[in-house]
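A quick write-up on the structure given underneath.
Read the figures in this text as sums done on the coordinates, not as results from a lab. What you see is a predicted model, and the numbers here were worked out from it, not measured in a lab. Backbone-built Cβ (ideal geometry, glycine too); neighbour counts: all protein chains shown.
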Amino acid sequence: MLRIPTFLTRLSLFTLAATVLIGPATANLSADLDPKAITVQLPKEIKWTKGNGSESAVLVGDPSKPGIYVVLQKWLPHNNSRPHSHPNDRYITVISGTWWVNTGANYDPAGFKPVPAGSFVVHTAKEIHYDGARDEECVLQIVGMGPATSTPASAPAK
């Protein structure tokens, strides 16, 4: 039918026009706002720190000190943590990709459960879990109270 190509053409033109019109506006976004009222950090301005199989970016606070913090955690493909716990609750939103999680002291990557983008998860204080990424990177926003430490779990004796 001719309607599908016409619709797709219009959608493509709308997307192109929106990109051309909105793109320059976001470039000057911070310059047009009162920094006492609002602070904007565009994706290109976020400073990522490389870790072992992951990257992180501190957005608010300092996870190593007492107080609230907000961190972006990017799990790189085929990387994950080993069983561990945290002293405080952590509140996590999956921003992109699929996050793979499991619980318990026995490391069992075959038992990972997928958590899709848009999901909200609570890591309960002192409870054992492990997590990471499979075939694609995933980005998480983690909110918690510092200091944010991680205690490795001991596997139970067999």
Report summary line: Sorted largest first, the Cα spans of the stretch 46-152 on the principal axes come out in Å as 36, 29, 25
Report task. Starting from the Cα of Lys126, draw a straight line to each of the lysines and keep only those under 22 Å, dropping any in the same chain fewer than 8 residues away. Result -> Lys65, Lys113
Report task. Using +1 at the Cβ of each Lys and Arg and -1 at the Cβ of each Asp and Glu in the stretch 46-152, identify which of Ser54, Met145, Ser96 lies farthest towards the dipole's positive end. Result -> Met145
Report task. Under 16 Å Cα to Cα from Lys44, which lysines show up? Leave out anything in the same chain fewer than 8 places away. Result -> Lys74
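How high is the relative contact order of the stretch 46-152, given as a whole-number percent (alpha carbon pairs under 8 Å, six or more residues apart)? All intermediate terms of the calculation are to be shown ahead of the outcome.
Values: 295 pairs, mean separation 40.2, N = 107.
This gives 38 percent for the stretch 46-152.
How do 82-94, 51-63 rank on mean C-beta neighbours within 10 Å, highest first?
Numbers: 82-94: 16.8, 51-63: 15.2.
The peptides rank, most packed first, as 82-94, 51-63.
Tell me, what is the FRET efficiency for Ile38 and Leu59 to the nearest 0.05, using R0 = 22 angstrom and their Cβ-Cβ distance as r?
Values: r = 14 Å, r/R0 = 0.65.
E between Ile38 and Leu59, to the nearest 0.05, is 0.95.
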Report task. Starting from the stretch 94-142, pick out the chymotrypsin sites (Phe, Trp or Tyr not before Pro) whose DSSP state is loop and whose Cβ has at most 10 other Cβ atoms within 10 Å. Result -> none
